[in-house]
Amino acid sequence: MKRICVICFVLCATAARSSELRIGDNVYQLDTQKRTTPALGFYNGEKTVYGALYTGAPPGKTLHVYNGNKYWMGQNCVAGAYSSDGLEICRPCTIGHYCPGGRDKITCTNGAFSCREKNLNVEGVSPNGAPLNKFMNIDEVNEFMPATDFSEWKEISCCGNKVDDGTGGSANISRACAHGTIGPGTYLFVARYSLTTLTEPDSISGINGTNANAFIAVFDHPVGYASIHWNNVLQHFVDTEHAQYEAYTMSTTPLYAWQVNKNETNVSNLTEWGITENSAWMCVFELE
């Protein structure tokens, strides 16, 4: 007795949006542009639309196609949108990135300076005078940075432990409670700590008896950073000359002394960063 395999394809199209292919619970975005070779083509009665075919391990259950090689079908997102893994639904491109279509979301060389709008499909150009590779003051932020909500930033690191206070102190990367390589991209640096002598509420939460600051920087190349809590130093250092942090003497730092109580950003809902206990914290976030 022969075994017959029947797969049901449902192809839908409306004037308001591109075609979709539905196979079981999966919904695939199709487009008239063929973005992969090979691709899977369908005629919807008016035109041919394509599904993208990818190689490698699929992110979940999906349609597999064999033509001597093994492919799996994923989203063929339109320009200005992307799929996080190739199978998740197409999402609008985010600030600081451009999306040529398919599953690609590419970080702009000049971060949110060159790509200040969503849904871009080509990398923009950095505006004249945009302050790259430095912590910005609020005037620069308001001139060159799009306003964002804190939900649009993802955590890179967050720490508060006091490091060894031996010889070398803040100059020594081994004494940083968080460090690594970041960029290119747009980054938010936040610090918070107790300061009972402060007579004004902290700049982020409005709580008395604590100090908080926040700064934004756009890097157009990989840089090394170190978040250091050592003795009376609580500071983010960024070595703009090297991808691997070497020493604070080659670093750019926020605009004031470490005890500054300033929010130099246009990020709304910054209180959602979640550090509320009475202790010192330094966190770094990247614009998603």
Per the rule of 0.36 nm per residue minus the C-alpha distance, extending Asn137 to Asn161 adds in nm 5.9 nm
Exactly which GluC sites (Glu not before Pro) in segment 93-149 are in a DSSP loop and have at most 14 other Cβ atoms within 10 Å? Glu117
Once the principal axes of the Cα atoms of segment 98-149 are found, what is the range along each, listed largest first in whole angstroms? 37, 22, 15
Surface accessible to a 1.4 Å probe, His236 within the full protein complex, Å²: 0
Principal axes of segment 27-111: Cα extent on each, largest first, Å: 41, 33, 21
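The values are calculated or read from the model by the stated rules, or taken from the named source; none is laboratory data. Since this is a predicted model, take the numbers as computed values, not measurements. Methodologically, a virtual Cβ is constructed for each residue, glycine included, from the backbone with ideal geometry; neighbour enumeration extends over all protein chains shown. Surface accessibility is based on the protein's heavy atoms, side chains included, excluding ligands, DNA and RNA. Shrake-Rupley method; radii C 1.70, N 1.55, O 1.52, S 1.80 Å.
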